[in-house]
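One structure is given below, encoded as structure tokens.
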Amino acid sequence: MSSLNYQSSKSLRVDRLPHIWCQGCGLGIVLHAYADALQETGLDLDKVATISGIGCAGRASGYVNTDAFHTTHGRALPFATGVGISRPEIKPIVISGDGDLFSIGGNHLIHAARRNVDVLVICSNNFNYGMTGAQFGPTTPSETKTPTSPYGNIENPFNLVALVASAGATMVSRWTVMHPTQLKRSIKRGLIKKGFSFIEVITPCTTGYGRLNKMSPIDMMRNLKKIGKIRKVLPTEAICDPTTEIVLGDFVDFEKPTYNEVFESLTQRAGVAP
Amino acid sequence: MGEVLTGSHFVHGDWACAEGAIAAGCRFYAAYPITPATEIAERLAQRLPRVGGKFVQFEDELGAIASVIGASYAGQKAMTATSGPGISLMLENIGLAVMTEAPCVIVNVMRGGPSTGQPTAGAQGDVMQCRWGTHGDTEIIALAPQSVQEMFDLTIHAFNLSERYRTPVFLMADANIGHLYESLKIPETDGIDIVDRRKPTIAKGEYKPFSTGEDLVPPMACFGDGYHFYATGLTHDERGYPDMSVEAQDRLVRRLCDKIRRDAARIEMVEEHFTDDCDVLVVAYGITARSALSAVKLAREQGVKAGLLRLITLWPFPDARIEELTRRCVGVVVAEMNYGQLVREVERAAMRRVEFVPKLGENPHLPEEILAAIERAGK
Ligand SMILES: Cc1ncc(C[n+]2csc(CCOP(=O)(O)OP(=O)(O)O)c2C)c(N)n1
Ligand code: SF4
Ligand SMILES: [Mg+2]
């Protein structure tokens, strides 16, 4: 792959390409936006740690030319917390899927946001567990048919941006893979921001969700473009329904002391040994 | 200054473990409160911020162990402590630490199980869980302290072994020792041996994170060192890249196990009393070994030549030594605070019939209970 000549090639692990994702899958666009953002912010790549959980989205860490770690299902955030708290000069970035971060890892997500750990989370939401074959998950719209909801999903989906904002995140945005420029801009801001930042990226799972719901990859992309509406609203009002409307934008952006900053002041209070 | 509290102390085992961790260089501790390990967290919450370390109370044990592996890969010596229920939650990530070769120390202050069991009661019911709890083929190192002093000494040793072999190491204590008050001597800093993981010396572009030499333990680059490594819990090649081939699985699993198996004789630690001429060999570990030693002495007073083999490492298990000692015995006694766990390992290695003395529910064995078994075994 030595012919790869994108500007992001320095922040990609080119010897690992081609990647494993299906044709038409949006995850490559997320990776590309992240790699470009790394490059454009001019961050010292030695001080960035890319961390992911398990799933198609979680494979992204394997293609990034920073220190990178592919943890277990759901545990990317506590792992990243250990990295960022024990070595504050390192910026942990978590790239993972909706199932990984909000189902099996949901508890860690709300607590990392509550603590205001200095971490950027990029969550690829494809409304299902892509890797295991498109079963319904915590983001799947009600009534959707999946292999484990053959008569329609009887559960209700989370609105990820509302959930994360209420847990205390200091930056919350949502884009789709059909909005790569805005996505990259938000990632760049998240890379340099101090505090818990969260970016949801709506991305089609063409092989799973798409095939089961009889949508071609191109239909799915067109649909995102059509129903994606950029609006300045509260996170709780940012509807996310792939059948009607997905509200996009930057919903939250404010400053508050990070866990490490507060720990620093605790250290002063504690004094020196013993 | 004041990082190692050199001097004499009258403290409990959990306190000694916390101070052992600090003396070993531990600067990251994460845990979720649980009896009877909570006092380790309380001590470290107080101490770590004063020595430049970090203490994090996590939302659960799944998070605690994941953060410990993260901190380890960030170049810190890291530890967590819990009891059986917490270990049960940590098991998947203990496998991740084995697979990605993350040095770390996991303390299990054992209490009565299964399930919530008896939270304040000491037990030794998790010794097989620590060996086989995580899925797949693994080797584990586990140490069993019998005193407050050993809670300190063996915590340091656990860190040293984890750094040397790049593997998680268990300290298998129990509620009795964790809560026991005894005198503790902390040596001068110079008198404490500290082992640090080997760092790569190779040029950055040529570094392969899982390439090893003779000792099968790869040098470890950490986050921020500039090597841009990739590590995964998937089966991987020397570059750390996922590899789903039969050969990769065979090569990796063998190496991960063999780096410990091949060095087992060097890792194993036992203590022997009156084993030179014993007819009955008692095998015990942890708090139980203290009653067992009294029982052996009582037996000797009554003319029965008993001896004690105290296991300090539970894993690797000292098969060869047990085989050797039991060959010249008439019988063997195993006492442990469970309903039959390590006794099966002894039976596997021993050349003679084994009398088992179980114990359930808080109180360690009385020496007389073990003595009765010695008498039966000697016949
Ligand atoms: C403990 C555990 N349970 C289940 C699995 C199986 N599994 C692998 S990926 C996955 C779902 C991933 O979903 P998501 O995070 O949305 O990623 P996607 O594949 O959709 O990108 C599951 C259930 C696992 N690897 N580990
Ligand atoms: S299964 Fe779905 S999410 Fe996974 S790579 Fe294929 S299209 Fe993408
Ligand atoms: Mg998904």
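Worth a mention:
- Rounded if a/c under 1.5, otherwise prolate or oblate - chain B, Cα gyration tensor axes: prolate
- Between the stretch A:239-260 and the stretch A:150-198, the alpha-carbon center distance in angstrom: 5 Å
- Once backbone amide H atoms are built at 1.01 Å from N, B:TRP315 has B:ALA142 as its partners under 5 Å, excluding neighbours fewer than 5 places away on the same chain.
- Angle of helix B:288-301 to the longest C-alpha principal axis of chain B, folded into 0 to 90 degrees and rounded to 10: 30°.
- Under a model in which nothing but the beta-carbon of Lys, Arg (+1) and Asp, Glu (-1) is charged, the stretch A:196-262 shows a dipole of about 500 debye around its Cα centre.
- Size of electric dipole in the protein assembly as shown: Cβ of Lys, Arg +1 and of Asp, Glu -1, about Cα centre, debye, nearest 20: 1800 debye
- With a Cα cut-off of under 16 Å and a minimum spacing of 8 residues unless on different chains, the lysine pairs in chain B number 5.
- Accessible surface calculations at 1.4 Å, restricted to protein heavy atoms, place chain B at 37 Å² per residue.
- For residues of B:55-64, the mean tally of beta carbons on other chains within 10 Å: 5
- Here's the list of aspartates and glutamates a cross-link from A:LYS145 could span, going by alpha-carbon distance under 17 Å and ignoring same-chain residues fewer than 8 apart: A:GLU155, A:ASP241.
- Listed residues A:LEU101, A:LEU17, A:LEU160, most fluctuating in chain A (Gaussian network, C-alpha, under 10 Å): A:LEU17
- 3J(HN,Hα) from dihedral phi, the stretch A:228-245, Karplus parametrisation 6.51/-1.76/1.60, rounded to Hz, x for glycine, proline: x, 10, 7, 9, 8, 9, 6, x, 5, 9, 7, 4, 9, 10, x, 9, 10, 7
- Each label was represented as a point 7 Å from its Cα along the Cα-to-Cβ direction; for A:SER142 and A:ASP241 these points are 1.0 nm apart.
- When chain A is treated as a Gaussian network with alpha carbon springs shorter than 10 Å, the biggest mean-square fluctuation among A:CYS22, A:CYS240, A:CYS123 belongs to A:CYS22.
- 222 nm mean residue ellipticity, helices alone, for the protein assembly as shown (DSSP H n ≥ 4; -39,500 (n - 2.57); rounded to 500): -10500 deg cm²/dmol
- Excluding exposed DSSP-loop chymotrypsin sites (Phe, Trp or Tyr not before Pro) (at most 15 other C-beta within 10 Å), longest clean stretch of chain A: A:7-150
- Applying 1/(1 + (r/R0)^6) with R0 = 41 Å to the Cβ-Cβ distance of B:CYS257 and B:ILE194 gives a FRET efficiency near 0.95.
- 0 to 90° range, to nearest 10: angle between helix B:38-47 axis and chain B longest Cα axis: 50 degrees
- Surface share of carbon and sulfur [accessible, 1.4 angstrom probe, percent] for the protein assembly as shown: 53 percent
- Here's the picture: charge each Lys and Arg Cβ at +1 and each Asp and Glu Cβ at -1 in the protein assembly as shown, and of B:THR189, B:MET128, A:ILE95 the one pushed furthest to the positive end of that dipole is A:ILE95.
- Of all lysines in the structure, those lying under 21 Å Cα to Cα from A:LYS226, and not within fewer than 8 positions of it along the same chain, are A:LYS184, A:LYS214.
- Between the stretch B:123-183 and the stretch A:27-93, the Cα center-to-center distance that results, in Å: 33 Å
- Positive dipole terminus of chain B, leading residue within B:ALA265, B:PHE10, B:ALA74 (C-beta point charges): B:ALA265
The values are calculated or read from the model by the stated rules, or taken from the named source; none is laboratory data. Note that the coordinates shown come from a computational prediction; the quantities given were computed from them, not determined experimentally. We place every Cβ from the backbone using ideal geometry, glycine too, and count neighbours over all the protein chains shown. Quick note on the areas: whole protein, heavy atoms, side chains included, nothing else; ligands and nucleic acids left out. Shrake-Rupley method; radii C 1.70, N 1.55, O 1.52, S 1.80 Å.
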